[in-house]
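Following: one structure in structure tokens, then a few remarks.
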Amino acid sequence: MNRCSAPGLIWLIAVIFLFISLYGRKEREEPYLLLKLIGYFLLGGFIFYLNSIPIPVGFIIYWLALHGKPKPNRVIKESAAVWGVGLQLIQLFLRLIF
């Protein structure tokens, strides 16, 4: 295996386990819940760079538009958005270090 592909594979496996963990904590059945979790994760992880300053636009959109609204499985959807922005920030810091 190539050295460069190993970290990407580790991130992929970690994110898959994250989705399995979040899906396992569902409060009640909901159609397309796994796809919704992926959507919240991607929305939370969307970062816009303005003059090389990262701005978590996706998480801001989530917070303003969707946070606190009554919906089924709200806790795991919020967790998916927080994990999305968290993993993006970790990758940002790792790029700065290496």
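Considering the stretch 62-77 alone, what residues qualify as being free of Cβ contacts under 8 Å to residues at least 24 places away in the same chain and either within 10 Å of the chain's Cα centre (by Cα) or over 21 Å from L18 (Cβ atoms) (or both)?
L64, A65, G68, K69, P70
Among the residues of the stretch 14-49, count how many are over 14 Å from I76 (Cα atoms) and touching a Pro at 6+ places or on another chain (Cβ under 9 Å).
Summing the residues that are over 14 Å from I76 (Cα atoms) and touching a Pro at 6+ places or on another chain (Cβ under 9 Å) in the stretch 14-49 gives 4.
Consider K36 carefully, then state whether it is of a type in the set (K, R), surrounded by 12 or more Cβ atoms within 10 Å (Cβ to Cβ) and part of a helix (DSSP H, G or I).
yes
For residues that are exposed (fewer than 10 other Cβ atoms within 10 Å of the Cβ) and at pLDDT below 90, tally how many sit in the stretch 9-33.
0
Looking at S52, is it crowded, with 16+ Cβ neighbours inside 10 Å and either of a type in the set (S, T, N, Q) or out of contact with any helix residue (DSSP H, G or I) (no Cβ under 9 Å at 6 or more places or on another chain) (or both)? Lay out the reasoning, then the answer.
Numbers: crowded, with 16+ Cβ neighbours inside 10 Å: no; either of a type in the set (S, T, N, Q) or out of contact with any helix residue (DSSP H, G or I) (no Cβ under 9 Å at 6 or more places or on another chain) (or both): yes.
Against the criterion (crowded, with 16+ Cβ neighbours inside 10 Å and either of a type in the set (S, T, N, Q) or out of contact with any helix residue (DSSP H, G or I) (no Cβ under 9 Å at 6 or more places or on another chain) (or both)), S52 does not qualify.
Hey, can you tell me all the residues within the stretch 67-87 that are touching a Lys or Arg at 6+ places or on another chain (Cβ under 8 Å) and outside any helix (DSSP H, G or I)?
Answer for the stretch 67-87, where residues must be touching a Lys or Arg at 6+ places or on another chain (Cβ under 8 Å) and outside any helix (DSSP H, G or I): K71, P72, N73.
The values are calculated or read from the model by the stated rules, or taken from the named source; none is laboratory data. Nothing here was measured: the structure is a model prediction, and the numbers come from that model. Here Cβ is always computed from backbone atoms with ideal geometry, including for glycine, and neighbour counts include all displayed protein chains.
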